[in-house]
Amino acid sequence: MLELIPSEVNVLVVGAGPVGLAMAVELYRHGVQCALIDDDEGPTPLNESRALGIQARTQEVFRQLGVVDQVLAEGRPMRGAGIYSNGKRIARLEFELGKIQSAYIHPIILAQSRTERILVDRLAALGGSVAWHTALEGFTQDTDGVSAQVAGPAGARREVRARWLVGCDGSRSAVRHGLGLSFEGGEYEEVFLIADVHIDWSMPDDEIHMELTPEGPLIAFPLPEPGRWRLVDTTGLVDAKEPDSIVARFRDLLTRYVAPGASVDESSWTSSFHIHRRVVNSYRVGRCFVAGDAAHLHSPAGGQGMNTGIQDAFNLAWKLALVLRGLGREVLLDSYNVERRPVAVSVLKGSDRLTRLVTLHNPLARSFRNRLLSLLSGLATVRRTASVQLSELAVNYRGGPIVAEDQGGWLAALGSGLEAARSQHAFGFGPHPGDRSPDVALRPELQANPAWNRLSSALTGPHHHLLFFEGLAAKPSTPTDWKTIEAMIDLKYQDIILQWHVMIVASASRSLPRQGKVLIDPDGSLHRDYGARSACLYLLRPDGYIGYRALPPDASRLRAYLERLLI
Ligand SMILES: Cc1cc2nc3c(=O)[nH]c(=O)nc-3n(C[C@H](O)[C@H](O)[C@H](O)COP(=O)(O)OP(=O)(O)OC[C@H]3O[C@@H](n4cnc5c(N)ncnc54)[C@H](O)[C@@H]3O)c2cc1C
């Protein structure tokens, strides 16, 4: 195995869990080869389902990675969650996203062991592979790279020189330890039990069920295979280790409080564990990075851990690829910590609140919680906010070091007349720099490619995408700066930035733009969702976030922004 790893690599990714695999796939998609090592013998064993929930934002990421179709085909969509007391439903949360535009609404339930295999296959299709049985033993870094000592099967050892090292090596991360990073936080005192079993009952299998038993909540997740469920005992009352005693505990809870006649058997996986809540103090030290569980650990409440880690990888890979190709500046790499660490802190806070709510021990507090849950779930805004939060679609990088905008502002707009003020007002309601770009539905029959039914299906590939909106005026005019911008992109950034013109109508009488492709927006919905009442532009990063926007487009300001990030 060891001889398969070149002695010099661009990136050494340590750990082939879901995060390391996503990292390697994304690097390959950006044309960067990397070495991916893991000290285990292969992916998570098939019977160990581990992380089950694939949130909407991760499905968007998986679409870019090229694996979403298989994930959707193998997984089970969750429509909502029901909360029960004495077998009676007292609250229901339907997963709904309100005004957020995405092709994916529902979380998908799929065993982590399956997700990993789908990613391993995708990596192989892109020309990569995992060196299993290969451990990182130590490393040192200097200004040019990292020298890593790796150990293969039968005690074989060698040194690998990498330009960059990414530690996706889980909660006990050797990379985190080697970098001397702190991992502040704590541990919940409760012991959580889980078991994947067959249950013979009539509960709907497109919902998560939480029964508020007098001992504490018992949660059931339907697994993709018919009749199979993941049970989670959050009461923290039983410290069972043996599979038989864990299953017996669930049988007891289920038949006593939920479904007296239900049979619980054929267990394929059981576990009892303590949960940590920790975040590393920095995601980057020199030429080394950490991602996923190596950087943050949270409670599984809300199903965010694996999702947050995969999005770490998706955030870092394009930046690293541009720097490695000699096209991106260091500021891109610095932004990884600035953008992703606050996300982990916020996820940790949310999952901590949820965990504390679920594990309340005081009977009075529990009864208050149960009533509150029933009350709050009746409110549409609460339901929507909870769904959006869990979907991770609202994560943003506003105010970060690599996102920016140029706009005249209110006073200047007012001075230019009513129409300019209206445009400025509309632009204010468009997505801001650092927001995820809304994935607006398109009329596929009007597009150059009938497969373009959403913005995301047109803007594929590992590029930046520059969108020129012509505006909603009856006779749109092309700002003079557009030609300058087109020529600049064409000359300097042709390999990095694809240009798109968003036009209300395309007719023979209208001349098509010289550069780039065209998206037809006949009813102006794409314009409206981007606040583009008059001519403006948006630059979308390869991870689908808005890097820059301008009203009106100004070639010299765009150039200044790009020169700060790109070479
Ligand atoms: C019971 C349970 C339920 C969960 N449910 C959810 C859920 O519903 N949703 C969710 O998002 N998350 C959930 N999680 C969390 C999720 O499993 C983790 O967040 C996820 O596995 C993290 O992925 P990772 O790739 O960062 O780390 P890991 O999956 O831990 O992978 C790290 C890899 O690094 C390798 N490695 C370690 N050290 C070295 C070394 N020195 N050299 C080489 N390789 C090394 C390991 O072998 C391993 O393969 C759950 C976790 C558990 C335990």
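Laboratory data are not the source of any read-out in this text; all were calculated from the coordinates shown. For clarity, every value in this text was computed on a predicted model and none was experimentally measured. Neighbour counts are summed over all protein chains in view; Cβ atoms, including those assigned to glycine, are modelled from backbone coordinates with ideal geometry.
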Sorted by Cβ neighbour density within 10 Å, fewest at the top, the residues 355, 255, 115: 255, 355, 115
Amide N of region 179-215 lying under 18 Å from the label point, which is placed 7 angstrom from the Cα of residue 86 along Cα→Cβ: 210-215
554, 144 arranged by Cβ crowding within 10 Å, fewest neighbours leading: 144, 554
Karplus (6.51, -1.76, 1.60) ³J(HN,Hα), θ = phi - 60°, over region 266-282, in Hz, Gly and Pro reported as x: 6, 6, 9, 7, 9, 7, 10, 8, 9, 10, 9, 10, 8, 9, 6, 7, 8
Alpha-carbon radius of gyration plus Dmax, which is the widest Cα pair, for region 180-292 in Å: 17.6, 60
Principal axes of the chain: Cα extent on each, largest first, Å: 74, 60, 40
Contour minus Cα-Cα distance for residue 418 and residue 495 (0.36 nm per residue): 23.7 nm
Pair residue 237, residue 161: separation of 7 Å Cα→Cβ label points (nm): 6.2
Overall form of region 360-491 per C-alpha gyration tensor (a/c, 1.5; a/b vs b/c): prolate
Rounded to 5, the percent of DSSP beta bridges in the chain classed as antiparallel: 65
Candidate aspartates and glutamates for bridging to residue 483, where Cα separation is under 16 Å - those fewer than 8 sequence places away on the same chain excluded: 470, 554
Least to most buried among 564, 549, 341 (fewest other Cβ within 10 Å first): 564, 341, 549
Calculated [θ] (222 nm, deg cm²/dmol) that DSSP helices of n ≥ 4 give over the chain, each run adding -39,500 (n - 2.57): -10000 deg cm²/dmol
GluC sites (Glu not before Pro) restricted to DSSP loop in region 168-235 with at most 11 other C-beta within 10 Å: 189
Relative contact order (percent, whole number), the chain, Cα cutoff 8 Å, 6+ residue spacing: 15
Options 214, 175, 186, ranked by Cα towards positive dipole end of region 170-216, top entry (Cβ charges): 175
Positive-end residue of 335, 301, 47, charge dipole of the chain with Cβ unit charges: 335
Only Lys, Arg (+1) and Asp, Glu (-1) charged, at Cβ; the chain dipole about Cα centre in debye: 1700
For region 39-101: rounded, prolate or oblate by the Cα gyration tensor [a/c cutoff 1.5]: oblate
Region 254-371: mean projected area of Cα convex hull, nm²: 11.1
Modelled FRET efficiency - R0 35 Å, residue 206 with residue 368, Cβ distances, 0.05 increments: 0.70
Selection from 84, 344, 550 lying farthest towards where the dipole of the chain points positive, charges on Cβ: 550
Spin-label pair residue 441/residue 480, simplified geometry with 7 Å Cα→Cβ offset, distance in nm: 4.2
Cα gyration tensor category, rounded, prolate or oblate, for region 419-502 with a/c compared to 1.5: rounded
